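Written below as structure tokens is the structure these notes are about.
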Amino acid sequence: MAWTRDQMVARAALELQDGFYVNLGIGIPTLVSNHIPPSMDVTLQSENGMLGVGPFPFEGEEDPDLINAGKQTVTALPRTSYFDSATSFAMIRGGHIDLAILGGMQVAENGDLANWLVPGKMVKGPGGAMDLVVGVKRVVVVMEQMMKEESKLVRRCTLPLTGQGCVHRLITDLGVIDIGNGGFMLKELAEGVTVEQMKKSTAADLKIGL
Amino acid sequence: MNKICSSAAEALKGALRDNMVIAAGGFGLCGIPEHCITAIRESGVKGLTVISNNAGVDGFGLGVLLESGQVKKMISSYVGENKFFAELYLSGKLEVEFTPQGTLAERLRAGGAGIPAFYTRTTAGTDLAKGKETRVFDGKPYVMELGLKADLAVVKAWKGDKEGNLIYRKTARNFNPLCAAAAPITVAEVEELVETGALDASFIHTPGIFVQRIFQGDRFDKRIEQRTLRKRG
């Protein structure tokens, strides 16, 4: 047993705190916005130039001039502001964003993250990820723990790095793992997942901090 | 000085040559200078280096300049939406300088502001920092990045006046103001060209000094890449 994608995303939403400015990465992390408690005041930043990202539009109300960083149509909120890309990354690099939730392809026990390139195969580019990981106060990665038979939690990344020593916490389908001075530290297990299974699915040492 | 032109072709007349560097505004397909891109395609100019966050999609946006073989090199942050781009790149037919999005924005900003280089934490310790000067500030490594200038910028705004003052709409602003300042000749295409004085001067995003030629586009396609919707009720 493991968490479904939706359960992973719901768990990731528990990382949010009242008053936070948050950047959500493209793909699974974007879904975290569906799980923000109504009582919580969280402002989403989208690096294409928007602070205060609202929900998807109703049919007929979509606006080609109003998209998020995943190029999805979104809506504005009363608090929304728009700005150019340099200002957007001043927020990001300048340490003004509290939390980034990003996807990953590999995370190493020293906090290195790889999520932008598979040499010779996948060409997408880093987008804003390399800026986010060095500038945002806290970086949480949400990803499946395994890629086919291989663990994505490794001693050292074999894929080209997005950033060095930048990941604070990992949320996978199997549980929650923190990264500190001593490497991976298991904090929570998904329902039905054993410590043994978690260890087997981690290609590095795993301390148990449940 | 008359900055007003009747079309993209007229605005770009004399401004295009082979092997030049063009900065193009837009994020994905949002806020792209679609009329200028069409006119560049029709001009047949080639060997271009294009600075743009993305490379359009197959068949639209900058994708059309890739398909026509007019682009030699892209300086971009993310090109994941363009399959043809991936083919060109992986087969070595297209040179790409991957630049993180924030670094790309700041390089353009610096280029337009007369700053030749700056240091950023971004890419420190990654392959993209290889060969670049690094320096330690407050115990952390920073990478030196160069300001970017283009020979020509093509940008898209919502409203503009005859002086070249521009106002962008919502997230269609993105890289447009940065590109506008980073080239000696900037061509702006706008949805609405108004009389000088009709725009509120307190709300102008790009002052006219950064715009040399301006025209009103006759019909904007403004395609949506990912039409995501919420259900009613």
Take the range B:79-113 and flag every residue that is touching a helix residue (DSSP H, G or I) at 6+ places or on another chain (Cβ under 7 Å), within 7 Å of another protein chain (Cβ to nearest Cβ), assigned to a loop (DSSP other than H, G, I, E, B) and not aliphatic (A, V, I, L, M). B:Pro100
Can A:Met198 be described as in contact with a Lys or Arg (Cβ under 8 Å, 6 or more places away or on another chain) and touching a residue at least 24 places away in the same chain (Cβ under 8 Å)? no
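Please work out if B:Gly164 is buried (at least 22 other Cβ atoms within 10 Å of the Cβ), more than 13 Å from chain A (Cβ to nearest Cβ), more than 23 Å from B:Asp18 (Cβ to Cβ) and in contact with a Phe, Trp or Tyr (Cβ under 9 Å, 6 or more places away or on another chain). Write out each step before concluding.
Numbers: buried (at least 22 other Cβ atoms within 10 Å of the Cβ): yes; more than 13 Å from chain A (Cβ to nearest Cβ): yes; more than 23 Å from B:Asp18 (Cβ to Cβ): yes; in contact with a Phe, Trp or Tyr (Cβ under 9 Å, 6 or more places away or on another chain): yes.
Judged against the criteria, B:Gly164 is a match.
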Verdict on A:Ser88 being more than 10 Å from chain B (Cβ to nearest Cβ) and either in a loop (DSSP other than H, G, I, E, B) or among the small types (Gly, Ala, Ser) (or both): no
Within the range B:134-233, strands (runs of 3 or more DSSP E) holding 1 or more residues that are over 19 Å from B:Ala39 (Cα atoms) and of a type outside the set (Lys, Arg): B:134-137, B:140-146, B:152-161, B:185-194
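Listed residues B:Lys83, B:Lys93; which is modelled with pLDDT under 95 and more than 20 Å from B:Val21 (Cβ to Cβ)?
Checking each option against the conditions leaves just B:Lys83.
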Of all residues in the range B:100-139 being among the basic types (Lys, Arg) and surrounded by 16 or more Cβ atoms within 10 Å (Cβ to Cβ), the one that is farthest from the chain's Cα centre (by Cα): B:Arg121
Scan the range A:129-162 residue by residue and report those that are farther than 20 Å from A:Val9 by Cβ and part of a loop (DSSP other than H, G, I, E, B). A:Lys137, A:Lys148, A:Glu149, A:Arg155, A:Arg156, A:Cys157, A:Thr158, A:Leu159, A:Pro160, A:Leu161, A:Thr162
Answer yes if at least one residue in the range A:93-100 is over 30 Å from A:Leu206 (Cα atoms), at the interface with chain B (Cβ under 9 Å from one of its Cβ atoms), surrounded by fewer than 19 Cβ atoms within 10 Å (Cβ to Cβ) and out of contact with any strand residue (DSSP E or B) (no Cβ under 7 Å at 6 or more places or on another chain), and no otherwise. no
Hits in the range B:192-233 - residues which are within 10 Å of chain A (Cβ to nearest Cβ) and within 21 Å of the chain's Cα centre (by Cα): B:His205, B:Thr206, B:Phe220, B:Asp221, B:Lys222, B:Arg223, B:Ile224, B:Glu225, B:Gln226
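The values are calculated or read from the model by the stated rules, or taken from the named source; none is laboratory data. The shown structure was predicted, so the numbers you read here are calculated from the model rather than taken from an experiment. Here Cβ is always computed from backbone atoms with ideal geometry, including for glycine, and neighbour counts include all displayed protein chains.
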